[in-house]
1. Over the range 1-91, give the accessible area per residue in Å² for a 1.4 Å probe, as an integer.
2. Using only DSSP helix segments of four residues or longer, with each worth -39500 (n - 2.57), what per-residue ellipticity at 222 nm results for the chain after dividing by its residue count and rounding to 500?
3. Semi-axes of the equivalent ellipsoid of the range 1-56: what are they in whole Å, largest first, if each equals the square root of 5 times a C-alpha gyration tensor eigenvalue?
4. Would you please give the residues with an amide H less than 5 Å from that of Val112, counting only those at least 5 places away or on a separate chain, with H modeled from the backbone geometry?
5. In the range 1-107, which GluC sites (Glu not before Pro) fall in coil by DSSP and have 12 or fewer other Cβ atoms within 10 Å?
6. For the chain, take N as its residue count and report Rg(C-alpha) divided by 2.2 N^0.38 Å.
7. No partner Cβ under 4.7 angstrom, meaning no disulfide-compatible partner by this rule: which Cys of the chain qualify?
8. Between the DSSP loop rule and a limit of at most 14 other Cβ atoms within 10 Å, which trypsin sites (Lys or Arg not before Pro) in the range 27-89 are left?
Amino acid sequence: MDFLNKLGDSIVNAGKEVTEKAKDYTDAGKLQYEISKKKSEINEKYRALGKKYYAEHMEEKDDSIVCITAAIDELHELERRLADTKGGIRCEKCGAIVPLGSSFCGKCGAKVGGMFEEEDEEDIFD
Ligand SMILES: [Zn+2]
């Protein structure tokens, strides 16, 4: 009988171990999810900070600034080419494609086609 009791105990203990391991995995999964979420949050804040920093320093000759400016120029050129292929023009304020002959951008309301008045800072990539 003592043998059966011991066997019973060890089965119960093994069951507990499995349950605890499963809980650990669940906890690890939740923690991994929280970690991913936090990393995304941090990256989003870095992005916002970088965008703000860029807007304030875009005239500087720092390599990182110049590199971003070049990439933005390339982006605008690609948008202009896309607008051309679609028979429209690129809104200089928001980058949207506006049909030829329009006076205002349908997306941001900026005046297009004619003289472009510089108002607010252009939102670079949204
Ligand atoms: Zn626009």
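The values are calculated or read from the model by the stated rules, or taken from the named source; none is laboratory data. These figures come from a predicted structure and were not determined experimentally. A quick note on method: Cβ atoms are made from the backbone with ideal geometry, for glycine too, and the neighbour counts reach across all protein chains shown. Surface areas here come from the heavy atoms of the whole protein model, side chains and all, with no ligands, DNA or RNA. Shrake-Rupley method; radii C 1.70, N 1.55, O 1.52, S 1.80 Å.
1. 84 Å²
2. -23000 deg cm²/dmol
3. 53, 5, 4
4. Amide H neighbours of Val112, under 5 Å, 5+ apart: Phe104, Cys105.
5. Those that pass, being in a loop and sparsely packed, are Glu59, Glu60.
6. That works out to 2.11 for the chain.
7. Cys67
8. Here the trypsin sites (Lys or Arg not before Pro) that fit, given the DSSP loop and packing criteria, are Lys61, Lys86.
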